[in-house]
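See below for the structure under consideration.
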Amino acid sequence: MIIQLSKTTGYFKGINKLKILVFEFISGGGFAGQPLPPSLAAEGGLMLQALLAELTALPGLELLIPLDERCQNLPLPAAAERVLITSRQDVLRLLPEMIRQADAVWPIAPETDGILARIAEMTSRQQKILLLSWPEAVRLCTDKLATYRHLAAQGIPVVETGLFSRLNDSDFPQVIKPRDGVGCQGGLILENAQDYAQALAAVEQPAPYIRQPYLTGQAASLSCLCKQGQAWLLSYNLQHITVVDRRFHLTGCQVNAAPRHPAVYQRLVSEVAAAIPGLWGYIGIDLIETTADGPLVLEINPRLTTSYVGLGPAMGINVAAAVLALLAGEPNLPAHSGQSVEIQIH
């Protein structure tokens, strides 16, 4: 296995027979025997298609792709090897054998229930290349409360976070969400004591939920690359989020929007990478832009995010190639800012 880098750009240039297991959890059988969640399926499908397009543009790669039998209409590369997952199968039980057949693993999976960390650990145990953050970093980012405490201790601006427990009248409005949730899933706005009482009655075990103040401001994210405490900012993105019945819904994002203070965001991703040196590869950092305190970190996504889908068209780069370049060195990313691209989620 030989990794080559272009001397002029620093991008991944070619590789000698690297077989990559590309596992997108939703379309790859993670919900076999269960209904496919529409919003997660839409986001997962977009990310999978974008990643496959970038990987197939590179020489020397073979692809192994698990696929839920209900998702056979997805346009996959003709040369890719498919593993169909039926409704009676548990893809996580099949995964170790697929990992054994591959040289590297690129998971796109939710942090919920420790799924992403479990895949990372499976890969590490077999000593295969993990195109993802270290398992310990994934575990930390999975736990939103632990992430808050860790970042706050490093002096990084972060949204105040605590366990969902007793609230005072002065605490409203608040947002509660699963402690290991992903994106907007499970988030609920509590506007008053009545909302709190209803939420408490509906949640059997409050401990797995966290609470955060409901802050007004622009929802945004940062797309970056990380490696051993270093970080390279790729883009600043605006998130389009609507609220229906006190619940959040991501409808799309503007990738590579023009930030007001780009140096602030580069400093922020550098501080996060230094605080969590196990972050590796593509990382998404969700923010809320507040008037009083500036950008505050909401959560860290140690995996591909929806914004990744628009990065290639926006910046004219192959992000997957830049990630693979991290295996042997540092990416030499273009200095030009590119254009803004809108991503819609249906």
Is at least one residue of region 255-264 over 27 Å from Val309 (Cβ atoms) and not aliphatic (A, V, I, L, M)? no
Among the residues of region 81-118 satisfying the criterion of being modelled with pLDDT under 95 and among the small types (Gly, Ala, Ser), which is surrounded by the most Cβ atoms within 10 Å (Cβ to Cβ)? Ala109
Condition first: under 22 Å from the mean Cα position of the chain (by Cα) and not acidic (Asp, Glu). Now tell me which residues in region 68-95 satisfy that. Cys71, Leu74, Leu76, Val91, Leu92, Leu95
Which of the residues belonging to region 204-240 are within 22 Å of Gly162 (Cβ to Cβ) and not polar (S, T, N, Q)? Glu204, Pro206, Ala207, Pro208, Tyr209, Ile210, Arg211, Pro213, Tyr214, Leu215, Gly217, Ala219
Taking region 161-183 and the residues there that are within 19 Å of Leu140 (Cα to Cα) and modelled with pLDDT under 80, the one that is farthest from the chain's Cα centre (by Cα) would be Gly181
Given the conditions (1) under 14 Å from the mean Cα position of the chain (by Cα); (2) surrounded by 19 or more Cβ atoms within 10 Å (Cβ to Cβ), which single one is not true for Ile65? (1)
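A quick yes/no check of all residues on (1) in contact with a Ser or Thr (Cβ under 9 Å, 6 or more places away or on another chain); (2) free of Cβ contacts under 8 Å to residues at least 60 places away in the same chain; (3) among the aliphatic types (A, V, I, L, M):
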position: Ile300; (1), (2), (3): yes, no, yes
position: Leu304; (1), (2), (3): no, no, yes
position: Gly312; (1), (2), (3): no, no, no
position: Ala320; (1), (2), (3): no, no, yes
position: Asn332; (1), (2), (3): yes, no, no
position: Ile343; (1), (2), (3): yes, no, yes
For Gln49, state whether it is among the polar types (S, T, N, Q) and closer than 20 Å to Ala322 by Cβ. yes
In region 26-39, which residues are surrounded by fewer than 20 Cβ atoms within 10 Å (Cβ to Cβ) and outside any loop (DSSP other than H, G, I, E, B)? Pro38, Ser39
Restricting to region 321-346, name every residue that is assigned to a strand (DSSP E or B) and surrounded by fewer than 17 Cβ atoms within 10 Å (Cβ to Cβ). Glu342, Gln344
Determine which single condition Arg70 fails, assuming it passes every other condition in (1) under 23 Å from Val309 (Cβ atoms); (2) among the basic types (Lys, Arg); (3) part of a loop (DSSP other than H, G, I, E, B). (3)
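Per-residue answers, yes or no, for (1) closer than 22 Å to Leu190 by Cβ; (2) more than 17 Å from the chain's Cα centre (by Cα); (3) assigned to a loop (DSSP other than H, G, I, E, B):
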site: Tyr236; (1), (2), (3): no, no, no
site: Leu250; (1), (2), (3): yes, no, no
site: Cys253; (1), (2), (3): no, no, no
site: Ala257; (1), (2), (3): no, yes, yes
site: Leu268; (1), (2), (3): no, yes, no
site: Ile288; (1), (2), (3): yes, no, no
site: Leu296; (1), (2), (3): yes, yes, no
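The values are calculated or read from the model by the stated rules, or taken from the named source; none is laboratory data. Bear in mind the structure is a predicted one, so any value in this text is a computation, not a measurement. Here Cβ is always computed from backbone atoms with ideal geometry, including for glycine, and neighbour counts include all displayed protein chains.
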